[in-house]
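The values are calculated or read from the model by the stated rules, or taken from the named source; none is laboratory data. Here the structure is a predicted model, which is why all the values come from computation and not from measurement. As a convention, Cβ positions derive from the backbone with ideal geometry for all residues, glycine included, and neighbour counts pool all protein chains shown.
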Amino acid sequence: MMDIETKICTRCGVEKPIEKFQLNKLKGQKPCRISVCNQCRYQIKKERKNKLSDDIDIKITRQFKKIVPQRILDTKQYGIDLVGEDEIFVPKADCINFWISNYGRAVQRKDDGYSVKEGQYDKKGSLFYRVKKERYKNGTWEIYNSSITAAKAVIEEFVVNPDVKNNDHYWHKGFNKRDNYYRNLYPLNQEQYRIVRSYFMDTGEDSEEFIIKVMNDIKFKPHDWSGKYLKPTMCGIGYAGTERDSKSVSYIKWHDMIHRSYNAKFHIRNPQYKDCEVCEEWKNYSNFKVWYETHCYGDTVLDLDKDILYKGNKVYSPETCCLVPHIINTVFINGKKDRGDYPIGIYFDKDKNWSYVKI
């Protein structure tokens with residue numbers, strides 16, 4: 001019986017068949033086996049790829065959305081029992097008659113009131129709901145059936161996503177996909193998700209400190225990411241994110257929104273905007289652009305409006321704003337100086353001595 005040639009790996013110290021060591025064939029030299037086995041070489045490569053950078057500049061922190069009180073459903077009125085003292089339900093933007101809670105539970109409105117909506121679990125163990133949405137197609141609005149995971153719905157309504165364009169993966173604390181509590185969910189890009197998952201599988205840990213480091217490590221950022229585009233150059237508040245299109249319609253809308261909320265000179269001429277603010281997500285132009293391009297429709301001029309959905313609202317956000325044709329928006333303009341004691345949208349023409357609806 002022939003003896004099998006072996007070699008001891010200098011990394012793991014295990015004696016293995018010689019075939020488990022890569023054969024190096026250097027020009028002008030005699031072929032030889034390297035000292036580290038193939039399995040250890042793979043592990044070293046994996047560790048290097050997954051290893052965090054030594055000096056990570058923490059620019060992105062963990063933030064949660066401010067919920068406008070008018071959006072919160074009165075659960076006591078409709079007899080909906082809560083699973084936690086802090087559970088609240090808010091209407092899910094872009095869905096019809098559908099409310100999501102910060103625990104991932106859903107409520108649906110019907111003719112006879114509100115009731116808890118049962119969800120389903122997909123093959124990966126993620127909870128999802130069937131919903132109805134509305135879209136503009138071929139010059140008209142239509143309702144269609146769709147679905148949304150509880151994690152996606154919760155993050156969109158309760159968690160600040162620093163990069164809506166790329167962060168389309170959602171990490172559940174402890175890799176428990178049945179836990180959709182908003183404080184246990186993290187929006188990540190594909191590479192960040194891979195790193196967090198790999199680290200959790202190896203160590204069983206996924207601390208918030210570690211995840212935040214991953215979120216800020218340049219190694220795991222999109223290829224077009226640059227730290228300089230996180231600098232708040234617009235009124236000391238707004239920043240570009242990953243976009244560079246300063247001449248687009250979406251950028252002009254974003255620029256005007258930031259100035260309406262934070263430009264002191266603008267407030268002198270338009271004091272009604274002095275108390276307005278922009279949500280954390282929309283301070284990043286690239287996030288605003290995603291929302292704008294998803295919601296714009298038709299060929300007419302559209303206005304960004306924060307007052308139609310929630311009367312008296314002062315916050316510009318994807319949950320409180322909508323795009324409306326300019327001619328329609330003028331009906332809702334306050335115009336106290338022109339209309340006097342007349343309702344919003346009604347103006348008095350001094351020359352003709354009659355009131356009229358401005359359209």
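Restricting attention to region 273-324, the residues that are among the small types (Gly, Ala, Ser) and surrounded by fewer than 16 Cβ atoms within 10 Å (Cβ to Cβ) total 2.
For residue 188, the conditions (1) surrounded by 18 or more Cβ atoms within 10 Å (Cβ to Cβ); (2) farther than 22 Å from residue 201 by Cβ all hold with the exception of (2). When residue 249 is evaluated against the numbered criteria (1) out of contact with any Ser or Thr (no Cβ under 8 Å at 6 or more places or on another chain); (2) in contact (Cβ under 8 Å) with a residue 60 or more places away in the chain; (3) among the β-branched types (Val, Ile, Thr), which criterion, by number, is the only one it fails? Unmet condition: (2).
Annotation: of all residues in region 209-225 being surrounded by fewer than 13 Cβ atoms within 10 Å (Cβ to Cβ) and under 16 Å from residue 57 (Cα atoms), the one that is modelled with the highest pLDDT is 209. Tell me, which residue of region 1-22 that is modelled with pLDDT of 90 or more and aliphatic (A, V, I, L, M) is farthest from residue 33 (Cα to Cα)? Of everything passing the filter in region 1-22, 14 is farthest from residue 33 (Cα to Cα). Counting just the residues of region 34-84 that are without any contact (Cβ under 8 Å) to a residue 40 or more places away in the chain and touching a helix residue (DSSP H, G or I) at 6+ places or on another chain (Cβ under 6 Å), which one comes out surrounded by the most Cβ atoms within 10 Å (Cβ to Cβ)? That would be 37. Selection within region 233-266: residues that are among the β-branched types (Val, Ile, Thr) and either crowded, with 17+ Cβ neighbours inside 10 Å or under 18 Å from residue 304 (Cα atoms) (or both). The member of this set that is nearest to the chain's Cα centre (by Cα) is 242. Counting only helices (runs of 4 or more DSSP H) that sit completely within region 135-230, those holding 2 or more residues that are within 30 Å of residue 296 (Cβ to Cβ) correspond to 150-158, 190-203.
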